[in-house]
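This report refers to the structure that appears directly beneath it.
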Amino acid sequence: MTKYSNLSLESHNISLTEHSNVPVEKNITLERPSNIELTCQITISRGVNSVNVTWKKGDELLENYLTNATGCILYAQYMFTIINSKQMGSYSCFFGGEKEQRGTFNFKVPEIHGKNKPLITYVGDSTVLMCKCQHCSPLHWTWYHSNGSVQVPIDVQMSEKYAINRTNANETRLKIMQLTEDNQGSYWCHAVFQLGESEERVQLVVLSYLVPLKPFLGIVVEVAILVAVILLCETYTQKKKKHIDDGKEFEQVEQLKSDDTNGVENNAPRHRKNESVSQ
């Protein structure tokens, strides 16, 4: 610890209970090298001397830890220094007895955050993708575009289509100009810290301007079909009505002809009768 006395001290604690069935975990975000002090404590009813204490980093046994008891409370302490990414990870304390109890400290670099929902824009427009790290300052930012399963670095020096804004150390902005449908897909912002790396995905969707019109065009087509059906029905109805009217007119003419014929036949006997009388 003396060698790294210029580093800040990070102290973290976990409290365990004797009869708990669930391990206790604590997530710790670490951006830069630090001295670390981890403490686990457990209350023992049957006597602290009956409990065996061990520390592990992953599956590796650790040494040089301290134990201390105050009454029925047993403390286990492990002090070390994290100066590189290999020392990050999970550190666990174990209290063995009738039932083993475990507490775990998980060390990780800060998370970065982008837009949770897909960013939707249109062909020919420009857009800006952003990633941000709360209360941290990465050493370096890099943007990638996913080409299938492969992440391709975006080099703003080789293409005028992209521009990266590095005004604030805790955020990065990627501007994409003259969008085409080929530009849609997954973009990854990658942050490098002293103790590791972190990345986040931003989804970009590029639409043609015809896409918003599709529902409207669908409605227009449906209306056109409906109007055509109505016109056909009206045309058919008019033809049918005309055919019926022509039929009625034909029947009336035939009836008139029939009436005229009957009249002529009825008048013939009268003329004969009159001639007989005259004689």
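The values are calculated or read from the model by the stated rules, or taken from the named source; none is laboratory data. Since the model is a prediction, treat every value here as computed from it, not as a measurement. As a convention, Cβ positions derive from the backbone with ideal geometry for all residues, glycine included, and neighbour counts pool all protein chains shown. Heads up: the accessible areas ignore ligands, DNA and RNA and are worked out on the full protein's heavy atoms, side chains in. Shrake-Rupley method; radii C 1.70, N 1.55, O 1.52, S 1.80 Å.
Computed quantities for the displayed model
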item: Matching residues in segment 125-170 - criterion: being β-branched (V, I, T) and more than 19 Å from G185 (Cβ to Cβ); result: T167
item: Filter result (surrounded by 16 or more Cβ atoms within 10 Å (Cβ to Cβ) and not in a strand (DSSP E or B)) within segment 21-36; result: L30, E31, P33
item: Strands (runs of 3 or more DSSP E) contained in segment 79-148 and holding at least 2 residues open to solvent by 10 Å² or more (accessible area, probe 1.4 Å) and over 30 Å from D59 (Cα atoms); result: 119-122, 127-132, 140-147
item: Test: residue in segment 115-131 that is touching a helix residue (DSSP H, G or I) at 6+ places or on another chain (Cβ under 8 Å) and within 30 Å of H145 (Cα to Cα); result: yes
item: Scan of segment 169-195 for residues that are part of a loop (DSSP other than H, G, I, E, B) and either of a type in the set (A, V, I, L, M, F, W, C) or surrounded by 15 or more Cβ atoms within 10 Å (Cβ to Cβ) (or both), ordered by number; result: A169, N170, M177, L179, Q184, Q194, L195
item: Residue match in segment 198-205 (condition: closer than 30 Å to T81 by Cβ and aliphatic (A, V, I, L, M)); result: no
item: Segment 45-55, subset crowded, with 16+ Cβ neighbours inside 10 Å and part of a strand (DSSP E or B), residue farthest from the chain's Cα centre (by Cα); result: V53
item: Residue satisfying condition, being out of contact with any Gly (no Cβ under 7 Å at 6 or more places or on another chain) and in a strand (DSSP E or B), within set I14, I42; result: I42
item: Considering residues of segment 149-168 that are at pLDDT 90 or above and not in a strand (DSSP E or B) only, the residue surrounded by the most Cβ atoms within 10 Å (Cβ to Cβ); result: I154
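Each row is one residue, and each column tells you yes or no for (1) of a type outside the set (K, R); (2) closer than 30 Å to W55 by Cα; (3) in contact with a His (Cβ under 7 Å, 6 or more places away or on another chain); (4) at pLDDT below 95.
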position: G97; (1), (2), (3), (4): yes, yes, no, yes
position: H113; (1), (2), (3), (4): yes, no, no, yes
position: K117; (1), (2), (3), (4): no, no, no, yes
position: Y122; (1), (2), (3), (4): yes, no, no, yes
